[in-house]
Amino acid sequence: MDIETGRILSSSNSCRGTPREAAWEITKSNPHTSLQVLDDHDGPSPEEESSLMEINVQSLLKEIDAKNGVAQFDLEISFEFRNLTYTVPNTRRTLFCALPKFANCAHPGDSSSTSRHVKLPASPSVTLLQNLSGKARDGEILAVMGPSGSGKSTLIDALAQRISREKLSGSITLNGQEVDGHQLRNISAYVMQDDLLFPMLTVQETLTFSASVRLPACHTKAAKRARVSTLLRQLGLEKVADTIIGDEGCRGISGGERRRVSIGVDIVHGPLLLFLDEPTSGLDSSSAYMVVKTMKHIADMGSIVIMSVHQPSDRILGLIQNLMFLANGQMIYMGHPKDLTDYFTKFNHGYPIPSAHGNAAEFALDLIQVLNCMPGGIKPLVDRFKSIRASAHEHSSSATTADQRRPCDLSTSSKAVLHPAIPTGISGAIAASIAKGRLMSTSGYVEHCNDSATLILKFANSRWHEIGVLIWRCIANIRRTPELFYTRLGTVIGSGLLLSTIFWQLDHSPKGLQERLGFFAFAMSFTYYSCVDTLPIFLQERFIFMRETSHNAYRKSSYVLANAIVYIPFLGVLSLAFAVTTFWGVGLSGGVHGFLFFFLIIWASFWSGNSFATFLSAIIPNVILGYTVVVAVLAYFLLLSGFFRSRDRIPDYWLWFHYMSLIKYPYEAVVRNELMNSSLAGDNAAAACYETAGEIFSATPLSLLLSQPKIVTVLEYLRQNYMSGTAYQNLNTSTCMIDGAAVLQNQSITQLGKWSCLGITVAFGALYRLLFYVALIISAKNSRR
Ligand SMILES: Nc1ncnc2c1ncn2[C@@H]1O[C@H](COP(=O)(O)OP(=O)(O)OP(=O)(O)O)[C@@H](O)[C@H]1O
Ligand SMILES: [Mg+2]
């Protein structure tokens, strides 16, 4: 039977826990094999449905069985790479690379941490991987070994397609079909060398979060809980399920357990392919063995596991079926670890591997080290491997079956080739994987990718579900670290009280006016500066976020929205605390309405300041640099807010920055709220007088010469001779000369009403959240630079 289109239908009804229950539709109309995954939102049209025959996976596999005599679990999934070559330019200098500790940038051939400075390039480019070919199958672990700097991580990154394809040549195929980064992301997982986990969550919570976002909504809560329990058992983490992950400051689970949690987070949905970069590094031998045993178990369940490993013990080598040895980016061995001793004994001119070496892998590492110091380098090893590979290839093309345990086995034979009825290509691999109980997320929410022939699911859940789960995690984290929130609340209350005592009950004199304006400028800039502590929060989460979104655990937009939703009420509490401690203490006007507006504008300022700092944390990947930039920019915002120099006196070429200043709008809003008491008599009525005619000489040297009776006489003289018929025909010492409107005019606060200023401040907050999202899309690609 020739299967040309396999289609999984999924809906809340059709998703019944096991992948085998997914309904399949098979047509013979399409010349290319393809598999489409659909859901409620994107089901086939009624016409389409009627023209398609539905059978389930079970019956499809039985059919294959019957026709070919192949057991259903013998359906092979193979991941093959051919002639992979990765070349990078020899000079890599960036601003961050030039600053020690600011970035982790490696220079070609420069593995020492002390030589970070740029050297003059010996050649324009350096090849990190040279013509590497190999194959990994489900049920097996493909381990990549080699000395430090041999290219293990680079190869794992290349296979996981975390390297830009322009610099990488060669092919990467899944069941014979070229696979691209987008497709791979949906069916694979990548476990990084570092354990990137939230330290304050427990093991169970961490895995539950992962199950909640990676398993589709049609899996019930109970089913997700069951999956987490299974994982805890498989990973040997049952005992520590309720222990927090911990970090340097707060002791939690052990390093080996943390590594297994990291793996659990990425395998919760049963990925078809699992890439791991040095999962055993830093672990003692029994923890390392436990981790590799878990990997073997995952492979046995039908996944392909590809991992790099440093000096595996004999016990670990016993769990590995396929070993690839690299040296200087070139392959020097590929085959079963059992054959390693034989292979290197032969290379050693027939002498057995000296007993001083614990195992053949250790001997190979030492041999590479020795050869590297000799004139010919590792060339003899590479040449030997090439010649054996060439003869193996010749042999395999003449033989009908290949010996899977033969060293340097690069034959393309597979059961899919032997039995053409078995679905080939990516769709075939996915079908086989589902049949083996993997890829549990396939019946989830679906988004179409560009490839019209193959619709692969992108996210397991709807946006709202993701936002809900992310909010839950964020709140759980905050609840475990209440001291952070209370410290911030304490700072805000303390600053509010301090300001109140300094600016206690300001009067309406000319000096009182100046002090009032000073208070507003300081209070508004304080709200922005106090948001700087947001900066390290995302920087800490950044790599967790990148790891999670790199394999589509959730949408980046869900993260941005959840983050904003969690912050808004917290910022509201801070704003209320600040408003209550300052409004009546300083003696601001406007009564309840004035207070409510004051509270709202503080809240809006916290919101836009928080968004601004969050945005900067996405574009500046370093805390010190981030603080420097944010503090400087806020200082410029304050400088050009209109307080130090009014708008009409700011040089034209700086006006654009005045309008961009985040502090300008809340500052103008609070000044307006104070000076124009809209609650009493409309927006144009003066709320208070800041200078009477009797006070006009008070700030001048004339005040020493003119006593109060003399001022009364002067004013009387002016009134009688010059004021008749004018607004000042009743001029006396208490006539108001400078009211709120005049101050606003004087300060050039004339263009926007206070509600417009509030609206613009809120909009700025939204704009910076949007920019944060854009920055995440651009910068957080989780790929090597
Ligand atoms: N982007 C890059 N530009 C230039 N050189 C690089 C780049 N990435 C890696 N290298 C160099 O390529 C070599 C292989 O690096 P890789 O990280 O793959 O080694 P590794 O085998 O994983 O080493 P380790 O066991 O120490 O982790 C190293 O010499 C490294 O300095
Ligand atoms: Mg490495």
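The values are calculated or read from the model by the stated rules, or taken from the named source; none is laboratory data. Here the structure is a predicted model, which means the values were calculated and not measured. Don't worry about glycine lacking a Cβ; one is built from the backbone with ideal geometry, like all the others, and counts go over all protein chains shown.
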If I ask for residues that are touching a residue at least 60 places away in the same chain (Cβ under 8 Å) and basic (K, R), which ones from segment 258-295 would you list?
R258, R259
Quick one: count up the residues across segment 129-173 that are within 13 Å of ligand 1 (Cβ to nearest atom), within 14 Å of M324 (Cα to Cα) and part of a loop (DSSP other than H, G, I, E, B).
4
Give the number of residues within segment 278-295 that are part of a loop (DSSP other than H, G, I, E, B), surrounded by fewer than 22 Cβ atoms within 10 Å (Cβ to Cβ) and either within 22 Å of the chain's Cα centre (by Cα) or modelled with pLDDT of 85 or more (or both).
1
Residue that is more than 18 Å from A618 (Cα to Cα), not in a loop (DSSP other than H, G, I, E, B) and not hydroxyl-bearing (S, T, Y), where the choices are F570, F543
F570
State whether the residues of segment 585-606 include one that is at pLDDT 95 or above, touching a Cys at 6+ places or on another chain (Cβ under 7 Å) and under 19 Å from C474 (Cβ atoms).
yes
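Results for (1) modelled with pLDDT under 90; (2) surrounded by 15 or more Cβ atoms within 10 Å (Cβ to Cβ); (3) not hydroxyl-bearing (S, T, Y), shown as yes or no for each residue.
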residue: K101; (1), (2), (3): yes, no, yes
residue: D110; (1), (2), (3): yes, yes, yes
residue: S113; (1), (2), (3): yes, no, no
residue: K119; (1), (2), (3): yes, no, yes
residue: S133; (1), (2), (3): no, yes, no
residue: R162; (1), (2), (3): yes, yes, yes
residue: R165; (1), (2), (3): yes, no, yes
residue: L168; (1), (2), (3): yes, yes, yes
residue: D180; (1), (2), (3): yes, no, yes
Near pairs, Cβ below 8 angstrom, 6+ apart or cross-chain, from segment 296-308 (under 11 Å from P271 (Cβ atoms)) to any residue that is away from ligand 2 (no atom under 16 Å from the Cβ) and aromatic (F, W, Y)
G302/F73; I304/F79
Scope segment 296-315; condition within 16 Å of ligand 1 (Cβ to nearest atom), within 22 Å of Q234 (Cβ to Cβ) and not in a strand (DSSP E or B); matching residues
V309, P312
Taking the condition within 16 Å of ligand 1 (Cβ to nearest atom), within 30 Å of N186 (Cβ to Cβ) and not in a helix (DSSP H, G or I), does F325 pass?
no
Condition check for A211: assigned to a helix (DSSP H, G or I), within 16 Å of ligand 1 (Cβ to nearest atom), in contact (Cβ under 8 Å) with a residue 12 or more places away in the chain and surrounded by 20 or more Cβ atoms within 10 Å (Cβ to Cβ)
no
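Mind telling me which of the residues R480, R473, R463 ends up being closer than 30 Å to I187 by Cα, surrounded by fewer than 19 Cβ atoms within 10 Å (Cβ to Cβ) and either over 23 Å from the mean Cα position of the chain (by Cα) or touching a residue at least 12 places away in the same chain (Cβ under 8 Å) (or both)? Working first, answer last.
On the way: R480 fails: closer than 30 Å to I187 by Cα; R473 fails: surrounded by fewer than 19 Cβ atoms within 10 Å (Cβ to Cβ).
Exactly one of R480, R473, R463 is closer than 30 Å to I187 by Cα, surrounded by fewer than 19 Cβ atoms within 10 Å (Cβ to Cβ) and either over 23 Å from the mean Cα position of the chain (by Cα) or touching a residue at least 12 places away in the same chain (Cβ under 8 Å) (or both), namely R463.
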Among the residues of segment 720-741, the number that are free of Cβ contacts under 8 Å to residues at least 12 places away in the same chain and closer than 20 Å to Y667 by Cα is 0
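Against the condition within 16 Å of ligand 1 (Cβ to nearest atom) and under 23 Å from A299 (Cβ atoms), how does G176 come out, does it pass?
On the way: within 16 Å of ligand 1 (Cβ to nearest atom): no; under 23 Å from A299 (Cβ atoms): yes.
Considered against the rule, which asks whether it is within 16 Å of ligand 1 (Cβ to nearest atom) and under 23 Å from A299 (Cβ atoms), G176 comes out as no.
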Please go through segment 260-279 and pick out each residue that is more than 16 Å from ligand 2 (Cβ to nearest atom) and among the aliphatic types (A, V, I, L, M).
V261, I263, V265, I267, V268, L272, L273, L274
So the check is Cβ under 9 Å with 6+ separation or different chains; which pairs have a first residue in segment 601-625 that's over 22 Å from R542 (Cβ atoms) and a second one that's not in a helix (DSSP H, G or I)?
S605/L662; S605/I663
Might you check whether a residue that is surrounded by 21 or more Cβ atoms within 10 Å (Cβ to Cβ), within 16 Å of ligand 1 (Cβ to nearest atom) and part of a loop (DSSP other than H, G, I, E, B) occurs anywhere in segment 222-245?
no
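In the list G176, G146, G151, G139, which residue meets the criterion of being within 16 Å of ligand 2 (Cβ to nearest atom), in contact with a helix residue (DSSP H, G or I) (Cβ under 8 Å, 6 or more places away or on another chain) and on the phi > 0 side of the Ramachandran plot? Outline the logic, then answer.
Working: G176 fails: within 16 Å of ligand 2 (Cβ to nearest atom); G151 fails: in contact with a helix residue (DSSP H, G or I) (Cβ under 8 Å, 6 or more places away or on another chain); G139 fails: within 16 Å of ligand 2 (Cβ to nearest atom).
Checking each option against the conditions leaves just G146.
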